[in-house]
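Let me give you the structure first, and then I'll get to my questions.
The values are calculated or read from the model by the stated rules, or taken from the named source; none is laboratory data. This structure is a prediction, so every number in the text was calculated from the model and none was measured. So basically every Cβ, Gly included, is an ideal-geometry build from the backbone, and we count neighbours across all protein chains shown.
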Amino acid sequence: MRKNIIAGNWKMNKTVPEAVELAKAVVAITKGADADVVVCPTFVCLSAVNDVVKGTHVALGAQDVHWEKSGAFTGKVSCDMLKSVGVKYVILGHSEQRTYFGETNDTVNKKVKAVLAAGLLPIICVGETLAEREGNITEKVVEDHVRGAYKDLSAADAVKTVIAYEPVWAIGTGKVASPEQAQDVHAFIRKLLVKMYDEPTSSVIRIQYGGSMKADNAKELLGKPDIDGGLIGGAALKAEDFNGIVRA
Ligand code: 13P
């Protein structure tokens with residue numbers, strides 16, 4: 001049985017004091033939740049937020065990483081640096097990284113391997129744009145994202161990963177995918193993982209939904225058999241809203 005994982009992707013929001021305040025509220029309000037709870041602040045807030053969540057039920061995640069261990073990569077952060085501030089999960093391949101910052105299936109794959117080699121856990125984002133959905137190539141796009149991210153990854157490593165299916169047209173738009181639309185793609189990914197690995201491997205990989213998930217639509221989405229949690233943007237910036245999803 002897969003345990004739901006609800007992760008807040010705070011994106012480029014919150015100063016350090018604001019992030020500390022939000023983290024404290026999230027720890028307090030989500031106590032006793034029947035799901036894995038993760039908060040993913042910006043790099044500059046990780047250390048301060050770790051001081052808040054360390055030793056609690058809330059895990060710490062980062063929003064990206066570079067695959068090299070160290071060196072002349074101005075502006076980048078390594079897996080060891082993330083580990084040193086208590087990070088457990090790393091979001092990779094987010095559509096905003098793909099759209100604005102040149103992320104490709106190839107760079108996602110390099111990052112996935114580096115994250116796993118460091119003993120961290122990747123949350124791998126996949127999903128189609130509106131034009132791709134309307135062009136009936138959703139499954140092709142999602143398959144390319146998944147196959148690209150998992151290239152040369154063993155089953156022993158694959159079981160440590162989390163996938164976030166985030167249709168780009170649903171991110172920050174208020175236009176949530178219907179539970180059926182989301183379930184269809186989640187089931188497609190699940191079957192693809194059987195083809196790439198095997199049934200036991202596929203059955204333990206958690207697949208989150210992301211894109212305008214809110215307290216009032218979470219229950220229906222999370223009620224679907226292949227939806228194992230959520231990657232939450234806007235609704236993760238207020239503890240009460242985030243908790244509404246965690247409790248769903
Ligand atoms: P929203 O919940 O704001 O639509 O963002 C989803 C997302 O991109 C999470 O990574």
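Restricting attention to region 44-79, report how many residues are closer than 23 Å to Asp106 by Cβ and touching a strand residue (DSSP E or B) at 6+ places or on another chain (Cβ under 8 Å). Let's see the steps before the verdict.
Our first condition is that a residue be closer than 23 Å to Asp106 by Cβ; within region 44-79, this holds for 61-79.
Then keep just the ones that are touching a strand residue (DSSP E or B) at 6+ places or on another chain (Cβ under 8 Å); that gives 61-65, 77, 79.
Residues meeting the conditions: 7.
Report whether or not Val146 is touching a Gly at 6+ places or on another chain (Cβ under 6 Å) and at pLDDT 95 or above. Reasoning before the result, please.
Numbers: touching a Gly at 6+ places or on another chain (Cβ under 6 Å): no; at pLDDT 95 or above: yes.
Against the criterion (touching a Gly at 6+ places or on another chain (Cβ under 6 Å) and at pLDDT 95 or above), Val146 does not qualify.
Just to be sure before I move on: is Lys195 at pLDDT 95 or above, basic (Lys, Arg) and within 15 Å of the ligand (Cβ to nearest atom) in the structure I sent? Quick ask: steps written out before the conclusion?
Numbers: at pLDDT 95 or above: yes; basic (Lys, Arg): yes; within 15 Å of the ligand (Cβ to nearest atom): no.
Answer is no for this residue.
May I ask you to say which residue of Thr173, Thr201, Thr161 is among the hydroxyl-bearing types (Ser, Thr, Tyr), over 26 Å from Asn136 (Cα atoms) and surrounded by fewer than 20 Cβ atoms within 10 Å (Cβ to Cβ)? I'd like the intermediate steps shown before the answer.
Details: Thr173 fails: over 26 Å from Asn136 (Cα atoms); Thr161 fails: surrounded by fewer than 20 Cβ atoms within 10 Å (Cβ to Cβ).
Unique residue meeting the criteria: Thr201.
Okay, next question. Kindly provide the set of residues from region 93-121 that are under 11 Å from Asp64 (Cβ atoms) and in contact with a helix residue (DSSP H, G or I) (Cβ under 7 Å, 6 or more places away or on another chain), ordered by number. Walk me through it before giving the result.
Filtering region 93-121 down to residues under 11 Å from Asp64 (Cβ atoms) leaves 93-94, 96-97, 101, 103, 107-108, 111, 115.
Hits for region 93-121 are Gly93, Glu103, Val108, Val115.
Which one of these is within 14 Å of the ligand (Cβ to nearest atom), among the charged types (D, E, K, R), in contact with a Lys or Arg (Cβ under 9 Å, 6 or more places away or on another chain) and over 30 Å from Lys54 (Cα atoms): Glu103, Glu96, Glu132? Spell out how you get there, then give the answer.
Values: Glu96 fails: over 30 Å from Lys54 (Cα atoms); Glu132 fails: within 14 Å of the ligand (Cβ to nearest atom).
Just a single option satisfies the conditions, and that option is Glu103.
Touching a helix residue (DSSP H, G or I) at 6+ places or on another chain (Cβ under 9 Å), surrounded by fewer than 16 Cβ atoms within 10 Å (Cβ to Cβ) and among the β-branched types (Val, Ile, Thr): which single residue out of Val16, Val53, Val90 fits that description? Give the derivation first.
Details: Val53 fails: surrounded by fewer than 16 Cβ atoms within 10 Å (Cβ to Cβ); Val90 fails: surrounded by fewer than 16 Cβ atoms within 10 Å (Cβ to Cβ).
Matching residue, one of Val16, Val53, Val90: Val16.
Can you run down the residue pairs with Cβ atoms below 6 Å, 6 or more apart or on separate chains, where the first is in region 22-37 and of a type in the set (S, T, N, Q) and the partner is surrounded by 15 or more Cβ atoms within 10 Å (Cβ to Cβ)?
If the second residue must be surrounded by 15 or more Cβ atoms within 10 Å (Cβ to Cβ), the pairs left are Thr30/Val37; Thr30/Asn243; Thr30/Val246.
Now, a different point. Output yes when any residue across region 205-216 is within 15 Å of the chain's Cα centre (by Cα), of a type in the set (A, V, I, L, M), within 11 Å of the ligand (Cβ to nearest atom) and at pLDDT 95 or above, and no when none is. Can you show your working first?
Within region 205-216, the first condition is being within 15 Å of the chain's Cα centre (by Cα), and the residues that meet it are 205-213.
Of the ones still in play, those that are also of a type in the set (A, V, I, L, M) are 205, 207, 213.
Remaining after also requiring within 11 Å of the ligand (Cβ to nearest atom): 213.
Within this subset, residues satisfying the condition of being at pLDDT 95 or above are 213.
Yes, there is a match, as at least one residue in region 205-216 is within 15 Å of the chain's Cα centre (by Cα), of a type in the set (A, V, I, L, M), within 11 Å of the ligand (Cβ to nearest atom) and at pLDDT 95 or above.
Under 9 Å between Cβ atoms, which residue pairs at least 6 apart in sequence (or on different chains) link something in region 207-225 that is aromatic (Phe, Trp, Tyr) with a partner that is within 9 Å of the ligand (Cβ to nearest atom) and outside any loop (DSSP other than H, G, I, E, B)?
Tyr209/Ala164; Tyr209/Ala170; Tyr209/Gly230; Tyr209/Leu231
Hey, can you tell me all the residues within region 56-76 that are crowded, with 18+ Cβ neighbours inside 10 Å and hydrophobic (A, V, I, L, M, F, W, C)?
Keep residues of region 56-76 that are crowded, with 18+ Cβ neighbours inside 10 Å, which gives 58-67.
Across region 56-76, the qualifying residues are Val58, Ala59, Leu60, Ala62, Val65, Trp67.
This table checks each residue for (1) closer than 20 Å to Thr104 by Cβ; (2) in contact (Cβ under 8 Å) with a residue 40 or more places away in the chain; (3) not basic (Lys, Arg).
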position: Arg133; (1), (2), (3): no, no, no
position: Ala155; (1), (2), (3): no, yes, yes
position: Ile163; (1), (2), (3): yes, yes, yes
position: Trp169; (1), (2), (3): no, yes, yes
position: Gln183; (1), (2), (3): no, yes, yes
position: Lys195; (1), (2), (3): no, no, no
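I've got another one for you. Residues Ala235, Ala187, Ala248, Ala182: which one is among the hydrophobic types (A, V, I, L, M, F, W, C), more than 12 Å from the ligand (Cβ to nearest atom) and over 20 Å from Val126 (Cβ atoms)?
Details: Ala235 fails: more than 12 Å from the ligand (Cβ to nearest atom); Ala187 fails: over 20 Å from Val126 (Cβ atoms); Ala182 fails: over 20 Å from Val126 (Cβ atoms).
Exactly one of Ala235, Ala187, Ala248, Ala182 is among the hydrophobic types (A, V, I, L, M, F, W, C), more than 12 Å from the ligand (Cβ to nearest atom) and over 20 Å from Val126 (Cβ atoms), namely Ala248.
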